[in-house]
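Single-structure report; data block below.
The values are calculated or read from the model by the stated rules, or taken from the named source; none is laboratory data. Since this is a predicted model, take the numbers as computed values, not measurements. Ideal geometry is used to build each Cβ from the backbone, glycine not excepted, and the neighbour counts take in all protein chains shown. The accessibility values were calculated without ligands, DNA or RNA, using every heavy atom of the protein model including side chains. Shrake-Rupley method; radii C 1.70, N 1.55, O 1.52, S 1.80 Å.
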Amino acid sequence: MQGKKFISPGAWFSINYPSDWNEFEDGEGSFLFYNPDVWTGNFRISAFKGNAGYGKEAIRLELKENDSASLVKIGQLDCAYSKEMFQEDGTYYTSHLWITGIDNIAFECSFTVPKGGAVKEAEEVIATLEIRKEDQKYPAELIPIRLSEIYLVNESYEWTVSMVKQELKKDFQGVEEDLEKLQQVIDSGKIRPKKKEEWMAIGITICAILANEIDGMEWMTLIDGNREAPLLRYKDRTIDPMKLTWSRVKAGEPCNVVEEYKKCLD
């Protein structure tokens with residue numbers, strides 16, 4: 001399938017999903033996707049890790065315990081499939097459910113559609129499902145920014161705004177002129193060299209200002225080994241918040257946010 005790629009937090013698994021779908025907030029451990037412009041259904045996927053063979057065992061149990069489930073093949077995957085109808089606010093829906101598994105990971109996938117709605121989109125997504133093995137090194141990948149990194153960007157920016165207001169009693173609007181205020185706080189020694197999370201928050205805030213000021217800046221999620229972090233992509237280059245601040249501070253170098261910002265514009 002052509003479209004977007006999603007790699008789960010912790011890099012347990014990956015799927016490809018349609019370009020016009022986005023990720024939305026759902027319950028813990030469950031990932032929700034749908035088209036926000038033309039709703040065709042809610043696709044959810046959850047993963048559960050167990051011992052060797054856990055994936056196949058989950059399929060067997062579902063077929064045994066759910067009388068309405070039947071064994072189907074989607075791509076290379078065996079799935080226990082069932083569906084049920086329900087009514088909400090006078091409208092009828094169908095919830096399609098697939099239980100599948102690969103090695104030691106079981107998956108629960110559902111697609112809730114209007115009554116009579118097609119399930120082809122969901123089946124195409126499930127067919128792309130792959131697990132990522134713990135003992136295998138994968139090349140670094142950039143994928144559309146996930147909710148987990150969106151939350152991190154927002155939290156980092158809000159922390160920086162709060163810090164500047166507290167230290168300087170000045171507003172922080174997220175524009176280029178605010179970098180001077182940020183530099184004042186850094187020069188005051190308020191942020192200690194070993195405070196990695198705080199330096200990372202400043203780096204993310206610099207990138208947030210870039211995204212506000214420059215058209216075409218796009219937030220992405222970097223998956224590189226154990227590192228899962230937000231980056232900016234601009235044309236054919238990437239801007240890593242960590243390299244703007246924490247990498248320099250960790251190496252004992254001074255951090256000048258105005259200079260770092262200007263370098264990103266070159």
- prompt: With respect to T238, is the statement that it is of a type in the set (V, I, T), on the phi < 0 side of the Ramachandran plot and either assigned to a helix (DSSP H, G or I) or open to solvent by 30 Å² or more (accessible area, probe 1.4 Å) (or both) true?
  reply: yes
query: Assuming G29 fulfils every condition listed in (1) at pLDDT 95 or above; (2) under 27 Å from the mean Cα position of the chain (by Cα) apart from one, which condition is it?
result: (1)
- prompt: Has the stretch 55-75 got at least one residue that is in a strand (DSSP E or B), touching a helix residue (DSSP H, G or I) at 6+ places or on another chain (Cβ under 8 Å) and crowded, with 18+ Cβ neighbours inside 10 Å?
  reply: yes
query: Restricting the search to the stretch 32-58, which residues are within 19 Å of the chain's Cα centre (by Cα), among the basic types (K, R) and more than 24 Å from V113 (Cα to Cα)?
result: none
- request: Starting from the stretch 235-247, keep only residues that are within 21 Å of K195 (Cα to Cα), then list their pairs with residues that are open to solvent by 30 Å² or more (accessible area, probe 1.4 Å) whose Cβ atoms are within a distance under 6 Å, requiring at least 6 positions of separation or different chains.
  value: W246/K196; W246/M200
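Results for (1) outside any helix (DSSP H, G or I); (2) of a type outside the set (K, R); (3) surrounded by 12 or more Cβ atoms within 10 Å (Cβ to Cβ); (4) within 24 Å of the chain's Cα centre (by Cα), shown as yes or no for each residue.
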{"residue": "K190", "(1), (2), (3), (4)": "yes, no, yes, no"}
{"residue": "A208", "(1), (2), (3), (4)": "no, yes, yes, yes"}
{"residue": "A211", "(1), (2), (3), (4)": "no, yes, yes, yes"}
{"residue": "G216", "(1), (2), (3), (4)": "yes, yes, no, yes"}
{"residue": "L231", "(1), (2), (3), (4)": "yes, yes, yes, yes"}
{"residue": "E253", "(1), (2), (3), (4)": "yes, yes, no, no"}
statement: Counting only residues that are open to solvent by 50 Å² or more (accessible area, probe 1.4 Å), in contact with a strand residue (DSSP E or B) (Cβ under 9 Å, 6 or more places away or on another chain) and not charged (D, E, K, R), the stretch 88-113 contains a total of 2
query: Restricting the first residue to the stretch 146-173 and requiring it to be in contact (Cβ under 8 Å) with a residue 40 or more places away in the chain, which pairs with a second residue that is surrounded by fewer than 15 Cβ atoms within 10 Å (Cβ to Cβ) and part of a helix (DSSP H, G or I) meet a Cβ separation below 9 Å and a spacing of at least six or different chains?
result: S156/E197; W159/E197
In the stretch 1-25, residue farthest from E149 (Cα to Cα) [restricted to those that are surrounded by 16 or more Cβ atoms within 10 Å (Cβ to Cβ) and in contact with a Gly (Cβ under 8 Å, 6 or more places away or on another chain)]: P18
task: Sort out which residues of the stretch 122-142 are outside any loop (DSSP other than H, G, I, E, B), within 17 Å of the chain's Cα centre (by Cα) and buried (at least 16 other Cβ atoms within 10 Å of the Cβ), and write them in order of number.
output: V125, I131
field: Residue check for A122: in contact (Cβ under 8 Å) with a residue 40 or more places away in the chain and in contact with a Phe, Trp or Tyr (Cβ under 8 Å, 6 or more places away or on another chain)
entry: yes
- prompt: How do the strands (runs of 3 or more DSSP E) wholly within the stretch 5-46 filter down when requiring 1 or more residues that are of a type in the set (G, A, S): which remain?
  reply: 13-17, 30-34
- request: Any residue in the stretch 249-266 that's aliphatic (A, V, I, L, M): show its pairings with residues that are in a loop (DSSP other than H, G, I, E, B) at Cβ separation under 8 Å, as long as the two are six or more apart or on different chains.
  value: V249/P193; V249/C255; V257/T245; L265/I214
message: Looking only at the stretch 26-54, count every residue that is more than 22 Å from K120 (Cβ to Cβ), open to solvent by 60 Å² or more (accessible area, probe 1.4 Å) and in contact with a strand residue (DSSP E or B) (Cβ under 9 Å, 6 or more places away or on another chain) and tell me the total.
response: 3
